[in-house]
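Scroll down for the structure; my scribbles are underneath it.
The values are calculated or read from the model by the stated rules, or taken from the named source; none is laboratory data. Model, not experiment: these values are computed from the prediction. Positions of Cβ are backbone-derived with ideal geometry, glycine not excepted, and every protein chain shown enters the neighbour counts.
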Amino acid sequence: MAGTMKAWRINELGKPPVLEDVPIPEPGFGEILIKMKGAGMCRTDLEVIDEGFITVPFVGPFTFGHENAGTVAKLGPGVDTVEVGQNVIVDTLHACGKCQYCLSGRDNFCEVASARGLKEDGGMAEYMIADAREVAPLGDLDPTEYVALADAGLSPYGAVQTAKPFIPNNGTAVVIGVGGLGFYCCQYLALTTSARVIVVNRSADKMAKMTNFGADELVVLDDNAYDKIMELTDGKGVDAVFDFVGRDNTLELAAQITKGLGLISILGLGGGTLPVSWTTVKPGVMVRLTQGGTITDLYEIMDLAKAGKITVQAQKYPFSKVFRSS
């Protein structure tokens, strides 16, 4: 497809993306060209602008946008799993499909993975390229409503799936921070486990709604949070903690409340540290840095969404006015 398109390009750190004219890309073998319908933006994107993504060194310029959904516009050679005109959502991670992790179904830990919109061209443009094996069908779902499930919805789902062996029937899980990712994590815990869910958040007003989305108990993140959680669990602590903040105080709380043989899943990029020793965590506790989810996870999320089991939240802005500097 010859011609040019508009794309929000990030050219250097510390400066916002610029709306530029660039060539419409051509899909190669195994790839598809997607006409964009929606591209999400979250805090990660703002960090990319300011200082680069914490786990991906800045290599610019590239097109912004790591949460992407749209309509298949053209198929590259060898593609027979999707059709032109089909709405799809795109996995943020671009995995190789060949390393030991990809071949064992753990593509979110690919040895040479890149990330769309964080290191290579993303979807904040009129068109984008993606591997056909790294998209999931949206069916009748509105791409502009459900686009955030590509990352904000995928990362907590992956975390919940890996945490299941640590959460017994009628166990207890704590979700720290209920921004976008924590919002989805509570829903996944309620949908796919029997866990009692305790939400911990700094703002009581912000977390009040979470009782409608899977939370059983609400605890304000303050100096009394530890005592309150231990009271709620009869002094036993919890089986799993999902920390979507990742600061010193939340990591310390996670270590204090997690039972022996429990799990601390860290998704927040707050820059905190968690000292691990006999005096800071209980025996057998696993600390996991969670990285996204697999393409299989993305398909499962879409199945839940199509069944009407996931509530999404989105604010919409025109493509041309995403950045005020334009």
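Of the conditions (1) over 24 Å from GLY171 (Cα atoms); (2) of a type in the set (S, T, N, Q); (3) surrounded by fewer than 21 Cβ atoms within 10 Å (Cβ to Cβ), GLN256 clears all except one; give me its number.
(1)
Any residue at all in segment 239-255 that's basic (Lys, Arg), in the same structural domain as PRO165 (by the TED database) and more than 23 Å from THR44 (Cβ to Cβ)?
Looking for residues that are basic (Lys, Arg), in the same structural domain as PRO165 (by the TED database) and more than 23 Å from THR44 (Cβ to Cβ), one finds none in segment 239-255, hence no.
For the subset of segment 95-113 comprising residues that are surrounded by fewer than 15 Cβ atoms within 10 Å (Cβ to Cβ) and touching a residue at least 24 places away in the same chain (Cβ under 8 Å), which member is farthest from the chain's Cα centre (by Cα)?
The qualifying residue farthest from the chain's Cα centre (by Cα) is GLY97.
Out of all the residues in segment 275-293, is one or more touching a Phe, Trp or Tyr at 6+ places or on another chain (Cβ under 7 Å), surrounded by 20 or more Cβ atoms within 10 Å (Cβ to Cβ) and touching a residue at least 24 places away in the same chain (Cβ under 8 Å)?
Checked segment 275-293: at least one residue is touching a Phe, Trp or Tyr at 6+ places or on another chain (Cβ under 7 Å), surrounded by 20 or more Cβ atoms within 10 Å (Cβ to Cβ) and touching a residue at least 24 places away in the same chain (Cβ under 8 Å).
Give me the residue from segment 83-94 that is in contact with a strand residue (DSSP E or B) (Cβ under 6 Å, 6 or more places away or on another chain) and modelled with pLDDT of 95 or more and, out of that set, surrounded by the fewest Cβ atoms within 10 Å (Cβ to Cβ).
Only one residue tops the list, namely VAL84.
For a quick check of your reading of the model, give me the residue pairs whose first member lies in segment 1-19 and is hydroxyl-bearing (Ser, Thr, Tyr), whose second is part of a loop (DSSP other than H, G, I, E, B), with beta-carbon atoms closer than 7 Å and at least 6 apart or on different chains.
These pairs meet every condition: THR4/ILE24.
Within segment 259-267, can one find any residue that is closer than 29 Å to ARG133 by Cα, assigned by the TED database to the domain that holds CYS186 and of a type in the set (A, V, I, L, M)?
Yes, some residue in segment 259-267 is closer than 29 Å to ARG133 by Cα, assigned by the TED database to the domain that holds CYS186 and of a type in the set (A, V, I, L, M).
For (1) farther than 16 Å from ALA152 by Cβ; (2) at pLDDT 95 or above; (3) touching a strand residue (DSSP E or B) at 6+ places or on another chain (Cβ under 8 Å); (4) surrounded by fewer than 22 Cβ atoms within 10 Å (Cβ to Cβ), each residue gets a yes or a no:
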{"site": "VAL175", "(1), (2), (3), (4)": "no, yes, yes, no"}
{"site": "GLY179", "(1), (2), (3), (4)": "no, no, no, yes"}
{"site": "SER194", "(1), (2), (3), (4)": "yes, yes, no, yes"}
{"site": "VAL197", "(1), (2), (3), (4)": "yes, yes, yes, no"}
{"site": "ASP227", "(1), (2), (3), (4)": "yes, yes, no, yes"}
{"site": "GLY237", "(1), (2), (3), (4)": "yes, yes, yes, yes"}
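Just checking, how many residues over segment 1-43 are more than 16 Å from HIS66 (Cα to Cα), surrounded by 21 or more Cβ atoms within 10 Å (Cβ to Cβ) and of a type outside the set (A, V, I, L, M, F, W, C)?
2
Kindly indicate which of ASN201, ASN249 is surrounded by 17 or more Cβ atoms within 10 Å (Cβ to Cβ), of a type outside the set (Val, Ile, Thr) and at pLDDT 95 or above.
ASN201
What are the residues in segment 257-288 that are polar (S, T, N, Q) and farther than 21 Å from CYS186 by Cα, if any?
Answer for segment 257-288, where residues must be polar (S, T, N, Q) and farther than 21 Å from CYS186 by Cα: THR273, SER277, THR279, THR280.
Quick check: anything in segment 299-309 touching a Ser or Thr at 6+ places or on another chain (Cβ under 7 Å), surrounded by 13 or more Cβ atoms within 10 Å (Cβ to Cβ) and either assigned by the TED database to the domain that holds GLY97 or over 25 Å from PRO143 (Cβ atoms) (or both)?
Within segment 299-309, none of the residues are touching a Ser or Thr at 6+ places or on another chain (Cβ under 7 Å), surrounded by 13 or more Cβ atoms within 10 Å (Cβ to Cβ) and either assigned by the TED database to the domain that holds GLY97 or over 25 Å from PRO143 (Cβ atoms) (or both).
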